[in-house]
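First up is the structure itself, then whatever we jot down about it.
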């Protein structure tokens, strides 16, 4: 009875949400509900229990991953060499590497560096290890909505405390949106042009706009920093560089470029979009991410960093190296014949990943087996576009989920994402910290896990 009362309560909130500022910020643009322009973000009714020790581990390692990404991004040869075979078979990665090579040839130095990252983990039930799924360096989404879901769950636990017997204080404070806005504001201050704006690079058809608007609202209200929203095509049409490298778009000087698009091949339907990406990279604006940070977050680089002795190339502290390595799942290139043989025989134990972000791109099970057998038979270089990763099996638990105003019960698994911010100007590190979290829950029968891609719902953590 208590759970269904909770469903009715959440349903009431969502039904009146357009009239309430907080809940209106949890909306996304609807693409499927007839006659409805906006729809609430998919959510879980109650928070998911999660071990406090693993939570602390993920938060503790976040600044180390920030430092690792920054140092990897500075090693242009490592990035180019590691992705050289991928470049031959993956046209999208090839274009990114071309821009990176152009910037290396120009000897352009990025004094001010801004990273807004999210490291995603699953807790493997068999080993009880917290293992990293991926490290996102571009468009680390949901800092806004994740905070609101944490607040909503805390409110529900307060309201139904006598029935649930759960402590609202066990839901960690989550100010990802505030901490991200603070980091962006500090990068903006370092740029030192009080009339310049933050430019958010967006997709033409953006369903998750309110998560982005929430961040820009906090940036404006707390730090008095204005922002503009532009697609890559608009940047190409309206942008130009001044002789000193200042980026001007639609008459505005741009201090910080914040990418919420540009991570998928579909974001570049023509040469116009690629011209815009290069224009921004050539400018003096702070890029989040720069092309080198973008490449440092690719799946192939993740796999390369997991090789023996590679972390030692970028980190000196042995304790930090051990903490990072403890998070690594098994990662292999597709030129390892022994691993390929095992993956064909036991496809359920692996995931095959291309160099893509945004969810819905991975290959599992029988499809993985068939793909590997086809590549072996053809004997081409297509395998360089992928990596193999150990499949992680988190615990399955029951939950009540809400999507497009409808609640349903299902068995679920969850993925924890820890946000982190990094700001550096030359040798001075200004920000390096974890910044809150995102919990995504999906039905246990689903392989993929992206919220925006339609596979998962937003959730929060209940520490146990």
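The numbers here are math on the coordinates, done by the rules we state, and not lab data. Everything numeric here is computed off the predicted structure, so don't read it as measured data. Cβ sites come from the backbone with ideal geometry, for glycine too, and all protein chains shown count toward neighbours.
Here the contact order of the range 330-391, divided by its residue count and restricted to Cα pairs under 8 Å and six or more residues apart, works out to 50 percent.
Taking the fewest neighbouring Cβ atoms within 10 Å as the starting point, the ordered list for 418, 39 is 39, 418.
Looking only at the chain, where both bridge partners belong to it, what percent of the DSSP beta bridges are antiparallel (to the nearest 5)? Working shown, then result.
Working: 61 of 78 bridges.
Looking only at bridges with both residues in the chain, the antiparallel portion is about 80 percent.
To the nearest Å, what is the center-to-center distance of the range 130-198 and the range 278-333, using C-alpha atoms only? Each part reduced to its Cα centre gives a spacing of 23 Å. The label point for residue 317 and the one for residue 170, both projected 7 Å from the Cα toward the Cβ, are 3.1 nm apart.
Between residue 364 and residue 272, 0.36 nm times their residue separation minus their Cα-Cα distance comes to what? Before the final figure, lay out each step's value.
Values: separation 92, 0.36 × 92 = 33.12 nm, distance 3.49 nm.
So the chain would gain 29.6 nm between residue 364 and residue 272.
Remark: 56, 275 ranked as 56, 275, counting other beta-carbon atoms within 10 Å and listing the fewest first. Summary of packing: across the peptides 364-377, 62-75, 164-177, 186-199, the per-residue average of other C-beta atoms within 10 Å ranks them, highest first, as 62-75, 186-199, 164-177, 364-377. Using the Cα gyration tensor of the range 330-391, with a ≥ b ≥ c the square roots of its eigenvalues, what is the shape: rounded (a/c below 1.5), prolate (a/b larger than b/c) or oblate (neither)? Because its axes are fairly even, with a/c under 1.5, the range 330-391 counts as rounded.
Find how much the distance from residue 221 to residue 376 grows on full extension, using 0.36 nm per residue of separation minus their present alpha carbon separation; answer in nm with one decimal.
Details: separation 155, 0.36 × 155 = 55.80 nm, distance 5.65 nm.
Residue separation times 0.36 nm, minus the Cα-Cα distance, leaves 50.2 nm.
From Cα pairs below 8 angstrom and at least 6 apart in sequence, can you work out the relative contact order of the range 305-464, rounded to a whole percent? Mind showing how you got there, number by number?
Numbers: 224 pairs, mean separation 26.8, N = 160.
Normalised by residue count, the contact order of the range 305-464 is 17 percent.
What value, in deg cm²/dmol to 500, does the helix sum -39500 (n - 2.57) over DSSP H runs of n ≥ 4 give at 222 nm once divided by the residues of the chain?
-12000 deg cm²/dmol
Per residue, the average separation of C-alpha pairs within less than 8 Å and at least 6 apart gives the chain a relative contact order of 27 percent.
Determine the gain in length on full extension of the stretch residue 52-residue 393; use 0.36 nm per residue of separation and subtract their C-alpha separation, reporting nm with one decimal.
Numbers: separation 341, 0.36 × 341 = 122.76 nm, distance 1.91 nm.
So the chain would gain 120.8 nm between residue 52 and residue 393.
Taking other C-beta atoms within 10 Å as the exposure proxy, 424, 95, 277 rank 95, 424, 277 from fewest upward.
Our note on the geometry: Cα centres of the range 380-403 and the range 57-80, 23 Å apart.
Taking every alpha-carbon pair in the range 260-374 and binning the separations at 5 Å intervals from zero gives 2, 9, 15, 16, 15, 15, 14, 9, 4, 1, 0 percent.
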